[in-house]
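Asks: Please find one structure pasted underneath; my questions will follow.
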Amino acid sequence: MNTRQILDSGKRHSLRRTGWRTFSSFQLIYLRNHGNLKCLQEMLGHADIQTTMKYADALGPEAMIEDHQKASPVDNLLRK
């Protein structure tokens, strides 16, 4: 799904805000739900991953720590 499709879908479903804020929220929710940053870059059509990284940076360090704890093989072994 590309940017235009997401915005058009919001309008079809009568979302009040289908501008930048709604779209930015979609990207943050996608990343919070463990969406792949490289896939997000492709969906948004960003040529440079640094542009997409701004959304990851907006999540803050807590999200990175939480994701690391869920994905870390060492942490998973220690929990068992």
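The values are calculated or read from the model by the stated rules, or taken from the named source; none is laboratory data. Not measured: the values here are computed from a predicted model. With ideal geometry, Cβ positions are generated from the backbone for all residues, glycine too; neighbour counts draw on all protein chains shown.
Asks: Please enumerate the residues belonging to region 40-69 that are touching a His at 6+ places or on another chain (Cβ under 8 Å) and farther than 20 Å from Gln5 by Cα.
Replies: Answer for region 40-69, where residues must be touching a His at 6+ places or on another chain (Cβ under 8 Å) and farther than 20 Å from Gln5 by Cα: just Asp67.
Asks: Moving on. Under the condition of being of a type in the set (A, V, I, L, M) and surrounded by 11 or more Cβ atoms within 10 Å (Cβ to Cβ), which residue from region 63-80 is farthest from Leu28 (Cα to Cα)?
Replies: Restricting attention to region 63-80, the residues satisfying the condition of being of a type in the set (A, V, I, L, M) are 63-65, 71, 74, 77-78.
From the residues that got through so far, the ones that are surrounded by 11 or more Cβ atoms within 10 Å (Cβ to Cβ) too are 63-64.
Details: Ala63: 11, Met64: 13 Å.
Here the answer is Met64.
Asks: Within region 12-37, restricting attention to residues that are assigned to a helix (DSSP H, G or I) and exposed (fewer than 10 other Cβ atoms within 10 Å of the Cβ), which residue is modelled with the highest pLDDT? Spell out how you get there, then give the answer.
Replies: Taking region 12-37 first, the residues assigned to a helix (DSSP H, G or I) are 12, 20-32, 37.
Next, only the ones that are exposed (fewer than 10 other Cβ atoms within 10 Å of the Cβ) stay: 12, 20-21.
Values: Arg12: 71, Trp20: 50, Arg21: 52.
Ranking the candidates gives Arg12 first.
Asks: Is there a residue in region 48-64 that is modelled with pLDDT of 85 or more, within 17 Å of the chain's Cα centre (by Cα), outside any helix (DSSP H, G or I) and not hydroxyl-bearing (Ser, Thr, Tyr)?
Replies: Looking through region 48-64, at least one residue is modelled with pLDDT of 85 or more, within 17 Å of the chain's Cα centre (by Cα), outside any helix (DSSP H, G or I) and not hydroxyl-bearing (Ser, Thr, Tyr).
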